[in-house]
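Here is the structure we will look at.
The values are calculated or read from the model by the stated rules, or taken from the named source; none is laboratory data. Computed from a predicted structure; not experimentally measured. Here the Cβ is made from the backbone with ideal geometry for all residues, glycine too, and neighbour counts use every protein chain on show.
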């Protein structure tokens, strides 16, 4: 007699096989959770306010929708309208399927759908043709999602992927585009439109099809009234509310800056201050609009205490050549803006003090002979005078004592990434003092904020969770001396903050101009703020006559006027005069000529002596109309309008330049016939 298997055993076997199939299906065919998590990036300011947003690669705006940031009334009405048993079913609503089936059989057509919000989410992340087979797959996928995700996660994912017309996906993107605000506080009319749009997003787009949008909204309002979620008066007022007539642009403040910060995070909270950023962008736009089309500007504004970047202009105008480049991260020659650090390191070494005497005259350092910007020389000057008036020769002389390589090594140890203009592996040269390297706006901001912070340099903080990493560059007394010197730098012509003449803190600042007028710089700081301004062409083209003092300093002072403590600006009709010491030196020196060539204590090389030998062209600077040259008391001949001297023998000579008023200057030289080793 055969042993019969009971139905209970068969059911258990069937159930076991079904469970194994579901487990296998989940293991080998899991739901596409990566697609659920792929959203647009948002960059926020320090207080969580929107600065900028970035679409996906295909141009879609899909912004994450946390339920905590969505109006609770919207959630309540959405679930009542779309899936009233959402929190009770497991992804598939059996009662809804039976109801839809009965309606189909009785009427011969689909009258009501049976898709749950979970099934709609499946359709959004895995689109398929609308067939019975696809519906069955959606049911299985919905069951899977309910195993992998919580109800909150499913609802958030649906509200992130739901279509709202065009390239808008998700309630957050739709609320920003149509209403200009996040969906945390919505009007009744706005809630109804946002519920209606995903059902027929292209037919009901308010920016293109107002009639369709109005009908869809009215349909939702009537249903919500039927459900008892809205009163007659609420429905009437909502129907009378005007629809949005177009789409609003997404925020794009500090757009290039945010693009560099966003990384892989969906939401990045920066250190920028939206209110300050808006003011800086406005004043910069006004400034750059008056410049040549090829010229742009970049700005980094730092709060010294926290080293947080509070405002940032990577490029003032994206429509200009190179306008999409973050110029604050591009290495450009800094001109004279590194001079304070040359003097500061020498002060720390005990080589000089702010009152030390330096000699400012044409000087050769090996094969390198720097010139002052205006080719005027002032003899003996004090350190603070040389720095305030950006004299080149004294700065190079001090760097010669420090050592160019050591100076570079110190800056690199501070985290500064220098780029020298020479070939790779070439030792640092004395030209570093005058901008013979490449540095970024951001790195220069670190250095100047370091002076403001008592000689301590820290990395800039761009994100809220960035940490400070501090290194000491100067002793505090050196930083204080440097600040006292730079506070009294000559002020630029035009508008400057009135704190230069009132009780508010003055700006310590330095300008710089790179070789060939390619880059104009202004770097300034107070106790609380540091601002770096760069003005130039992205392609490095020259701008003759556009110095840092002329092209960048006015914007620097305008920016400082935006910061706390600033008041109305007076107008300065002329530049601030030189300090008394330097002024007297200038007046005395201008009464006599200055020998440009041959420089004092220089060697002149010639391969042939006598009348057929090499002729050296002498030159001098003088306010007088004419200058004559003598060598050891004998006049130098004039050839083709130039003083040309041909030495007869090797040895030492004394060159004298005498103007028509009898004022003279001297230079001692040596003539050699071999190349100096």
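Below, the figures for the structure above:
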quantity	calculated
Hey, residue 130 more than 24 Å from residue 66 (Cβ to Cβ) and touching a residue at least 12 places away in the same chain (Cβ under 8 Å) or not	no
Residues of region 399-420 classified as within 23 Å of the chain's Cα centre (by Cα) and farther than 23 Å from residue 329 by Cβ, total	0
Residues of region 31-73 that turn out to be part of a loop (DSSP other than H, G, I, E, B) and more than 20 Å from residue 126 (Cα to Cα), as a count	9
Meets criteria (at pLDDT below 90, assigned by TED's automatic domain parsing to the domain that holds residue 182 and outside any loop (DSSP other than H, G, I, E, B)) for residue 79	no
Flag if residue 529 is at pLDDT 95 or above, touching a helix residue (DSSP H, G or I) at 6+ places or on another chain (Cβ under 9 Å), crowded, with 16+ Cβ neighbours inside 10 Å and farther than 26 Å from residue 346 by Cα	no
Members of region 179-202 that are in contact with a helix residue (DSSP H, G or I) (Cβ under 9 Å, 6 or more places away or on another chain), more than 15 Å from residue 248 (Cβ to Cβ) and surrounded by fewer than 16 Cβ atoms within 10 Å (Cβ to Cβ)	184, 187, 202
Complete set of residues in region 338-359 that are touching a helix residue (DSSP H, G or I) at 6+ places or on another chain (Cβ under 6 Å) and closer than 19 Å to residue 435 by Cα	339, 340, 342, 343, 344, 345, 346
Subset of region 367-386 (residues that are touching a residue at least 12 places away in the same chain (Cβ under 8 Å) and either out of contact with any strand residue (DSSP E or B) (no Cβ under 8 Å at 6 or more places or on another chain) or farther than 18 Å from residue 489 by Cα (or both))	368, 369, 370, 371, 375, 376, 377, 379, 380, 384, 385
Residue ID - farthest from residue 377 (Cα to Cα), chosen from residues in region 640-659 that are surrounded by 12 or more Cβ atoms within 10 Å (Cβ to Cβ) and modelled with pLDDT under 85	642
All strands (runs of 3 or more DSSP E) inside region 370-479 with 1 or more residues being in contact with a helix residue (DSSP H, G or I) (Cβ under 6 Å, 6 or more places away or on another chain) and at pLDDT 95 or above	456-458
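Yes/no matrix, rows are residues, columns are (1) in contact with a helix residue (DSSP H, G or I) (Cβ under 8 Å, 6 or more places away or on another chain); (2) surrounded by fewer than 14 Cβ atoms within 10 Å (Cβ to Cβ); (3) over 17 Å from residue 261 (Cβ atoms):
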| position | (1), (2), (3) |
| --- | --- |
| 282 | no, yes, yes |
| 285 | no, yes, yes |
| 290 | no, yes, yes |
| 293 | no, yes, yes |
| 296 | yes, no, yes |
| 301 | yes, no, no |
| 307 | yes, no, no |
| 312 | yes, no, no |
| 316 | yes, no, yes |
